[in-house]
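Structure record follows, encoded as structure tokens.
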Amino acid sequence: MGERQVSDLRLLDLNVEQANDMIDNLAFDPPTTAGEETALLAALPPADPDAPMTVVTSLRLSTELKHRIDAAAQADVVSSSTWIRRAIESALAGRDPRSLVSIDDVIRAVRAVPPAA
């Protein structure tokens, strides 16, 4: 195997002998020199010191909900991640405890509205 690249899917088809042969013949790239590292770092765009720190989080969503989010994001011409972030920010913006209404009060009020004639 040596220099030949192996995809992850191909690894599933290896027998024990082939897997041992591959491991015995692994070839690693030489480590980056200090000069190469300096050149790579210099090529990076400047960092924005005022940019907010972001974190990656994981959500468990039903397939149906994920499809609805994807459709809404596509309609807004944004990524699903951006759409979810905006929805969360919007929901949190309305969380002023003084403006919250009990869902039971809302249901009672809606039921009290007379039907349209």
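A short reminder: the numbers here are calculations on the coordinates, not readings from a lab. Since we're looking at a predicted model, the values are computed, not measured.
Answer rounded, prolate or oblate for the range 56-95, using the Cα gyration tensor with square roots of eigenvalues a ≥ b ≥ c: rounded when a/c is under 1.5, else prolate when a/b is larger than b/c, else oblate. Oblate is the answer for the range 56-95, as a/c is 1.5 or above yet b/c matches or exceeds a/b.
Here the gap between residue 37 and residue 72, fully extended at 0.36 nm per residue and compared with their Cα-Cα distance, gives a gain of 8.3 nm. With the Cα gyration tensor of the range 5-66 giving a ≥ b ≥ c as the square roots of its eigenvalues, does the rule (a/c under 1.5 for rounded; else a/b larger than b/c for prolate; else oblate) give rounded, prolate or oblate? Note, shape of the range 5-66 comes out oblate.
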